[in-house]
Amino acid sequence: MNTIQIAPSILSADLGRLAAQVELVVAGGADMIHIDVMDGRFVPPITFGTNVVTVARRVTDLPLDVHLMVAEPERFIEPFADAGADIFTLHIEATHHVQRHLAAVRERGMRAGIALNPGTPLRDVEEVIRDIDLLLVMSVNPGFGGQAYIPASSAKIARARVLLDDLDSPARLEVDGGISRETIPSAHRAGADTFVAGSAVFSAADPAEEVRELRRRCAVTV
Ligand code: DX5
Ligand code: ZN
C-alpha cells in the first residue's frame, strides 16, 4: 500500500491570498497542491490557466497536481509543462487517442494521470493502465467544489485498487470530490492512497490542522 498523500485543491482557496493559503497547507503537511483547470466546455465553469500554475510554482516546491477538466486536454500538455506542472491528469471522456497523449505527457517530464467521471466505467481505462502514473476516480461530477461524496464511489475505488494491483501497477489511486473528515475513511478503506480536498480544507478555521486531521482519519480502522 502506498503512503497516504493529501492534495488540497486551491479551487476553494482565497485566491487573493493564494501564496499565504498554499503556505498554510504546506505547514499542515500537504503532499501536493491540486489545481483544477476548467474550460467552460467540458464542465460549465472557467477557472485557472497556466498563469496560476506559474504562481503556485513560485510559492512551493511541492508537486503541482494539475487536473484538466477541459475538452481536448492534449492541446495544453506543452503549456502546462512549461508552467511547472508535475502531474497532468486528463479526463478519458474529453479526448480521443488517449494512449498517445499519456505518452506525450511523460515525454514532457510530467507524471501522467487519467480521470474518470462517476458515470464512466473502469473498463474504459484498462488498456492504458501501464501508461499512467495516477488514476483519478471522481467521487462527484466535476465542475464545482463543495459537492457531496457519491457513496458508490467507494466500491468503484475498491475495484480500481484490484485493477491496479492485478497488473502490479505502481500508479497512485486518487479520489477527488466531497472528501472530508467524514468521507475519507471510506475512500481510504476502499484502497485510495491520494486524497484531494478543497472545501474541507479551505473552509476550515485552521486549514493546516484540517490537513493533519484528514491524514489522521485514514489511520483510524473501523
Ligand atoms: C471538482 C474538482 C475538485 C474540487 C473538490 O470538480 O475536481 O478538485 O476542488 O472540491 P471539494 O473537496 O470541495 O469537493
Ligand atoms: Zn480536481
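Any read-out appearing in this document is the output of simple, stated calculations on the displayed coordinates, not a laboratory observation. Everything quoted here is computed from the prediction, not taken from an experiment. Methodologically, a virtual Cβ is constructed for each residue, glycine included, from the backbone with ideal geometry; neighbour enumeration extends over all protein chains shown.
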Net charge dipole size for the chain [Lys, Arg +1 and Asp, Glu -1 on Cβ; Debye, nearest 20]:
280
From the residues Tyr149, Ala187, Val162, which one has its Cα farthest along the dipole of the range 139-199 in the positive direction, the dipole being from +1 and -1 charges on Cβ of Lys/Arg and Asp/Glu about the Cα centre?
Tyr149
Reported to two decimal places, what Rg/Rh ratio describes the range 66-159 when computed on Cα atoms with Rh from the Kirkwood expression?
0.96
Under a 5 Å amide H to amide H cut-off, with H placed in plane at 1.01 Å, what residues pair with Ala115 once short-range neighbours are removed?
Leu90, His91, Ile92, Leu136
I'd like the projected area of the chain, averaged over all directions, using the convex hull of its alpha carbons. Report it in nm² with one decimal.
10.8
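Sorted from fewest to most neighbouring beta carbons within 10 Å, what does the list Ile35, Ile46 look like?
By the 10 Å Cβ count, ascending, the order reads Ile46, Ile35.
Using a 10 Å cut-off around each Cβ, can you sort Leu214, Leu116 from fewest to most neighbouring Cβ atoms?
The fewest-first ordering by Cβ neighbours comes to Leu116, Leu214.
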Can you give me the orientation-averaged projected area of the convex hull built on the Cα atoms of the range 19-75, in nm²?
4.1
Extending each Cα 7 Å along its Cβ direction at Glu23 and Ser203, get the distance between those two points in nm, one decimal.
2.6
Thinking of the range 1-98 as a set of Cα atoms, what percent of all their pairs are more than 16 Å apart?
55
Out of the range 1-82, which trypsin sites (Lys or Arg not before Pro) are coil in DSSP terms and have no more than 15 other C-beta atoms within 10 Å?
Arg41
Calculated log₁₀ intensity ratio I(q)/I(0) where the Debye formula runs over C-alpha points of the range 137-222, q = 0.18 Å⁻¹:
-0.74
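Fewest first, what order do His67, His188, His96 take by the number of other Cβ atoms within 10 Å? Could the numbers behind the result be given before it?
On the way: His67 27, His188 24, His96 8.
Sorted ascending by nearby Cβ count, the order is His96, His188, His67.
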